[in-house]
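This report refers to the structure that appears directly beneath it.
The values are calculated or read from the model by the stated rules, or taken from the named source; none is laboratory data. These numbers were taken from a predicted model, which means no experiment stands behind them. Note that we place each Cβ from the backbone using ideal geometry, even for glycine, and neighbour counts take in every protein chain shown. The protein model used for the area step is the full one, side chains on, heavy atoms only, and it has no ligands, DNA or RNA in it. Shrake-Rupley method; radii C 1.70, N 1.55, O 1.52, S 1.80 Å.
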Amino acid sequence: MRKFYIALLRKEPDSCYGVDFPDFPGCITAGDNAEEAQRKAEEALQLHIEGMVEDGDEVPEPSSLDEVLADPENEGALAVLVEAPVLDDPAVKITLDVPKSLLERIDTIAKARKLPGRRSGFIIEAARRRIKQEEVA
């Protein structure tokens with residue numbers, strides 16, 4: 001069954017669009033415009049949920065729009081629905097040979113961005129972006 005979660009887009013003067021998910025504290029992203037912010041929200045939600053599953057954490061049920069909009073902190077935010085990734089697509093453990101210096105850079109960036117699954121999250125995100133580029137080309 002498909003699930004959709006609410007992402008909240010917020011825009012302050014002289015800033016990009018920020019995105020957060022009330023059901024997933026810490027799952028945030030941003031974009032230069034609303035379309036980019038929504039696209040990045042899809043990526044962020046997918047990585048966040050995959051990381052939770054990988055860590056054995058329970059994925060919450062989606063909150064209702066009424067619940068989210070009733071929170072005074074969400075006043076003025078634009079609510080958009082983001083489809084959750086399919087959770088019955090099991091992860092497959094692989095072994096990669098990666099140059100040490102590259103792995104150190106991956107770890108540094110993944111830690112700074114607080115990616116779920118850190119290394120795996122970074123590599124999965126990079127692969128998805130490349131696949132999208134190839135599909136568009």
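On the accessible surface of the chain, probed at 1.4 Å, how many percent belong to carbon and sulfur atoms?
Details: 5170 of 9730 Å².
Of the solvent-accessible surface of the chain, carbon and sulfur hold 53 percent.
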Worksheet, complete the sentence: For the range 28-115, the per residue accessible area (1.4 Å probe, Å²) is 73
Discussion item. Not counting ligands, DNA or RNA, and with a 1.4 Å probe, what is residue 131's accessible surface area in Å² rounded to the nearest 10?
Written reply: 90
Practice prompt. Hey, could you grab the Kirkwood Rh for the chain? Inverse mean 1/r over distinct alpha carbon pairs, Å, one decimal.
Written response: 16.2
Worksheet entry | Integer Hz, Karplus 6.51/-1.76/1.60 couplings in order for the range 65-77, x for Gly and Pro | 4, 4, 4, 5, 6, 6, 6, x, 5, 9, 4, x, 7
Worksheet entry | Estimated dipole of the range 33-137 in Debye, rounded to 20 [Cβ of Lys and Arg +1, of Asp and Glu -1, Cα centre] | 940
